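Notes to accompany the following structure.
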């Protein structure tokens with residue numbers, strides 16, 4: 001079983017993606033062995049208020065039980081508490097995602113501290129931080145957006161040791177630091193690339209802090225799946241990365 005913790009659906013103006021409806025996305029993932037995927041709306045990245053896209057997502061995915069909606073929240077906006085209440089009422093209690101670099105705030109901003117305090121009293125199990133949408137080398141020349149700095153995430157995680165943080169899209173060096181310098185940060189493997197990827201990175205970090213993520217459609221789903229299929233690692237470690245860690249973090 002494969003559980004994908006880093007998946008998107010929607011329109012992105014800087015790449016040509018297949019127009020995937022929820023049904024087509026579910027079929028696309030299933031054909032590649034993914035049995036469940038946590039999905040966010042791409043439009044929430046550039047929309048002035050990401051809630052405009054996030055609030056529509058549950059309805060779009062309702063007929064596809066393999067696709068689990070993950071709303072994107074911008075705590076720098078004045079309506080974030082109402083959005084959080086709305087997500088909870090809609091049953092979106094597993095996780096909430098933030099994108100600090102595109103939404104232009106720092107992780108030590110007061111609004112982020114307030115969000116962490118609010119999450120402590122709610123059923124959300126996990127805070128997802130999207131570190132990047134695209135490899136910076138491939139970004140549109142007039143819109144260069146650096147990834148969320150690993151240093152900032154490490155400091156944030158240490159300030160909030162009881163908060164579980166899943167970092168999506170770290171580069172290899174960032175992933176090693178995030179796992180090695182914290183106790184409460186997990187990472188996905190979408191941007192981890194090496195010959196025999198999982199075997200290589202298991203020399204540098206424990207399997208229980210790594211989760212399968214494809215970053216579909218920004219990256220090829222099949223490429224992420226092949227990291228699992230071709231992995232020369234113990235089966236228990238493979239199962240943990242493929243699905244076990246996601247089950248423990250997200251239920």
Please state the relative contact order of the chain as a whole percent: Cα pairs under 8 Å, 6+ residues apart?
-> 19
Pick from 33, 78, 169: which is most flexible by mean-square fluctuation in a GNM of the chain where alpha carbon atoms under 10 Å apart are linked?
-> 78
Once you've got the GNM for the chain with C-alpha springs shorter than 10 Å, pick whichever of 28, 162, 103 has the biggest mean-square fluctuation.
-> 162
Among 3, 154, which comes first, second and so on when ranked by fewest other beta-carbon atoms within 10 Å?
-> 154, 3
Quick one: Debye curve from the alpha-carbon atoms of the range 2-250 only, equal weights, vacuum; give me log10 I(q)/I(0) at q = 0.07, 0.12, 0.16, 0.17 Å⁻¹ to two decimals.
-> -0.21, -0.64, -1.23, -1.41
Please identify which residues in the range 4-24 have an amide N closer than 13 Å to a label point set 7 Å out from the Cα of residue 145, following the Cα→Cβ vector.
-> 11-15
With the contact rule set at Cα under 8 Å and sequence spacing of 6 or more, what percent relative contact order holds for the range 58-131?
-> 35
Before rounding to the nearest 500, sum -39500 (n - 2.57) across all DSSP H runs of length at least 4 in the chain and divide by the residue total; then give [θ] at 222 nm in deg cm²/dmol.
-> -9000 deg cm²/dmol
Connecting every pair of Cα atoms under 10 Å apart in the chain and solving the GNM, the largest mean-square fluctuation among 24, 235, 55 falls on 235
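Read-outs throughout are calculated quantities, based only on the coordinates presented, and are distinct from any laboratory measurement. It should be emphasised that the depicted structure is a prediction, and the values quoted were computed from it without experimental measurement. Counting neighbours? That spans all protein chains shown, and the Cβs are built from the backbone with ideal geometry, glycine included.
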